[in-house]
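Read through the structure below, which is laid out as structure tokens, and then see the notes.
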Amino acid sequence: MGFAHGSRCGHQPRGNQASSAGTAWPAWEPTRREVLAAAVLAGAAASAGGARADAAVPAAVVRNRVYTVSRRNTVTSTTYPRAEFRGLWTASVANIDWPSRTGLSAAAQRAELRSILDLARSRQLNAVLLQVRPTADRMWRSTVGEPWSRYLTGTQGRDPGYDPLAYAVSEAHKRGLALHAWINPFRVAMDTNLNALVSSHPARKHPAWSFAYGGRRYYNPGLPAVRNFIRSVVVDLVRNYDVDGIHFDDYFYPYPVAGQAIPDAAAYAAHKGAFTSVAGWRRNNIDVFIRDTRAALKAAKPRVAFGISPFGIWRNSSSSSLGSATSGLESYSALYADSRKWVREGWVDYITPQLYWHQGYPVADYNVLVDWWARQVAGTAVKLYTGEAAYKAGDPSPAAWRDPHELRDHLTKARGVPAVRGHCFYNTTAFRANRLNAIGILAARHYARPALPVPFPRLNAGRPATPVIKSAVREGAGVRLTWTSGTAGEDPTLIAIWRWESTGSVVPHIQSTATHLRAVLRRTSGTQSWLDTGATPGRTCWYMIQSVSRTGIDSANATCIFIRA
């Protein structure tokens, strides 16, 4: 096999003290023996994959008293990571995932969206990447000039009768999910017929902006006017919608088609500047587009994350000493996408390479590529998430995809590489279908607990206010936890709740893992409550809560309460 590449439409595979309310505990300095003992305990807990919930801080714990805690555990866990990106790609092009077909009523489309968000929540995911610009069209209200997507109503330009993006954002946030707006930057149409586009389409108004290639139509990245226009689309979206991220997929210059040349000679002649190589010029066009898009995005709304899911191979080691030990299609030379450069220059906030190959595949080994990408983000602020091929589970060939444990083992590998901060699954339909129970097996092993969002200090390092527990009392079949949260400092977006059984001998530290994380809820008002039906009646336990900002930054303190359930 000459390269690793399969086809699909949505992507191309490719010393603070603990204190009770108002009372500070006396300062405590550990002896050397206590420090060494604590280190031994921490090491044992780490090797067991769990967190030491109760920290060695002397305290006369009083039941039902609320304590404010600022010290933090340092134990980590690969089984229950505290923060992890868990995303789901939902493709709208060709109605792959949503809407399931064109022409559904607005009510039916909304119901399908809710079902997708509920699916993500039920599997302990925390983000949905919704494709809202599949083919130079849109699924939000805009005055920039692009038409409503035909994948909504069946007719390009027809108003669906509601605002899909606004609805998706609202419903995702209700569930504590992040919503990233997934945009295909340069694809104009799934065929070549320019006149089939609605008459008001920018590509119709500017015929020279696009070209036909490989049976489809694309905007020409070599034209500054095109790049400026697409940036204006992104800015329009982020200014008017409360999205958590802007996400580009792997389509930059089109995937190569044998015997066809990209028809951009005129653009090269007009805009090549000092470039003497069309390949170098094309790569620079994409570099400038990525760099300037991030700058425009941050100027419009700094807290919105910018991420890209490039084809999984940058360059092979046979082409560059910096490349991976692979022998597949290269995004650098085939798509003119220098994805490694975007990471090293910090032009993206996260990178999600599409690693849609099995472990041990000679052309593009999943394990080799995970390690390679981990080395690329080293020393940068860019977060690395792995793109996972849920759609391949159960495929008859190659045989590896008939193993229901393949995807589970992917995450086992990725979790063992500290640079990997999460995963994203393509596509929603396959994720729901759960062939071979591959997703069920994966979730049981790796997603038994929720996870907090990955923190992005460079987007905003301000901490939200600490939420304060008011009470935890038995109510019917559960325990009703009530708290208040203010908005001083950074806006608190989420409330994280831990609960674990304990003798109450010590006041705990802030939890550093998700071992005891029970819920991550959207902060909706100053006073909220949550009914925990998992606490064992009659047993004593701790509840602990923190607030988390939209950029994943947690409150400096947590509050906790020791009760008998």
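The values are calculated or read from the model by the stated rules, or taken from the named source; none is laboratory data. Just so it is clear, the structure is predicted and the values come from calculations on it, not from any experiment. Cβ atoms come from the backbone with ideal geometry, glycine included; neighbour counts cover every protein chain shown. These accessible areas exclude ligands, DNA and RNA; they are computed on the full protein's heavy atoms, side chains included. Shrake-Rupley method; radii C 1.70, N 1.55, O 1.52, S 1.80 Å.
List of remarks:
- Residue match in segment 397-416 (condition: within 19 Å of the chain's Cα centre (by Cα) and closer than 28 Å to residue 70 by Cα): yes
- Tally, over segment 289-323, of residues that are open to solvent by less than 30 Å² (accessible area, probe 1.4 Å) and more than 24 Å from the chain's Cα centre (by Cα): 3
- Residue match in segment 494-502 (condition: open to solvent by less than 10 Å² (accessible area, probe 1.4 Å) and of a type in the set (Asp, Glu)): no
- Given (1) touching a Lys or Arg at 6+ places or on another chain (Cβ under 9 Å); (2) more than 29 Å from residue 305 (Cβ to Cβ); (3) at pLDDT 95 or above, number of the condition residue 419 does not satisfy: (2)
- Of all residues in segment 470-492, those that are closer than 17 Å to residue 518 by Cα and either in contact with a Cys (Cβ under 7 Å, 6 or more places away or on another chain) or not in a strand (DSSP E or B) (or both) total 1.
- Of the residues making up segment 408-419, those that are buried (at least 23 other Cβ atoms within 10 Å of the Cβ) and either assigned to a loop (DSSP other than H, G, I, E, B) or touching a Leu at 6+ places or on another chain (Cβ under 7 Å) (or both) number 0.
- So residue 76, is it in contact with a strand residue (DSSP E or B) (Cβ under 9 Å, 6 or more places away or on another chain), open to solvent by 50 Å² or more (accessible area, probe 1.4 Å) and on the phi < 0 side of the Ramachandran plot: yes
- The listed residue being within 30 Å of residue 485 (Cα to Cα), out of contact with any Cys (no Cβ under 6 Å at 6 or more places or on another chain) and of a type in the set (Gly, Ala, Ser), out of 430, 444, 448, 438: 448
- Those residues of segment 493-507 which are at positive phi and in a strand (DSSP E or B), in sequence order: none
- Selection within segment 520-552 - on the phi > 0 side of the Ramachandran plot and open to solvent by less than 20 Å² (accessible area, probe 1.4 Å): 552
- Filtering 119, 197, 152 for residues that are hydrophobic (A, V, I, L, M, F, W, C), within 26 Å of residue 430 (Cβ to Cβ) and touching a strand residue (DSSP E or B) at 6+ places or on another chain (Cβ under 8 Å) leaves a single hit, 119.
- Residue 128, sole failed condition from (1) open to solvent by 10 Å² or more (accessible area, probe 1.4 Å); (2) at pLDDT 95 or above; (3) over 25 Å from residue 556 (Cα atoms): (1)
- Scanning segment 374-407 for residues that are part of a helix (DSSP H, G or I) and within 18 Å of residue 352 (Cα to Cα) yields a count of 8.
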